[in-house]
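Every number here is computed from the coordinates shown, using simple stated rules; none is lab data. Because the structure is a prediction, the values reported are computed rather than measured. All Cβ positions, even for glycine, are placed from backbone atoms using ideal geometry, and neighbour counts span all protein chains on display.
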Amino acid sequence: MFEHRLGLALSKSISEIRSMPYVEFRSWQLFYLLEPWGWQNEEYYAAVNVAMLYNINRSKGKVKEPKEFMRDMEGELLKQLEAERDITELSVDEQREILIRQVKKDFGIK
């Protein structure tokens, strides 16, 4: 998935990203860890604002955290996969591996 994010950020195709020297690709990965970009980062900042507005205007009660206002995209994809195959009895690591394989399959990544 990082290849796709980088391709969007640099306006390059996946084949151009894959032909990038490893050292450069790795430096982009490290930069992303320090300064993330893309919809996840934007969604987090939107959730921070929504949480702030909610907490300012709430009556007495529990304070809500930004993560409570964010979508669970990985969870939604897992639900779709569960409909095709019952993976609820698998460990979290096994579920994650199935998710990664499915995403790679969907995007044609080997």
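Loop-located GluC sites (Glu not before Pro) in region 5-96 (DSSP state other than H, G, I, E, B) with a sparse environment of at most 14 neighbouring Cβ atoms within 10 Å: 89. Note on the chain: GNM, Cα springs under 10 Å; of 61, 38, 75, the largest mean-square fluctuation is that of 61.
Show which aspartates and glutamates lie in cross-link reach of residue 60 when reach means a straight Cα distance below 20 angstrom and same-chain residues fewer than eight apart are skipped. Candidates past the 8-residue exclusion: 68. Listed by chain and number, the lysines whose alpha-carbon sits under 29 Å from that of residue 62, ignoring those within fewer than 8 places in the same chain, are 79. Dipole of the chain computed with +1 at Lys/Arg Cβ and -1 at Asp/Glu Cβ about the Cα centre; of 63, 81, 91, farthest Cα towards the positive end is 63.
Within the listed set 17, 98, 56, the residue fluctuating most in the Gaussian network model of the chain (springs between alpha-carbon atoms under 10 angstrom) is 56.
Multiplying the residue separation of residue 68 and residue 90 by 0.36 nm and removing their Cα-Cα distance gives an extension gain of 5.4 nm. Checking the cross-link pairs 64/110; 64/105; 12/104; 12/110 against a 29 Å limit on the alpha carbon distance flags 64/110; 64/105 as lying beyond it. Pair-distance distribution P(r) for the chain, from all Cα-Cα distances in 10 Å bins starting at 0: 12, 28, 32, 22, 5, 1 percent.
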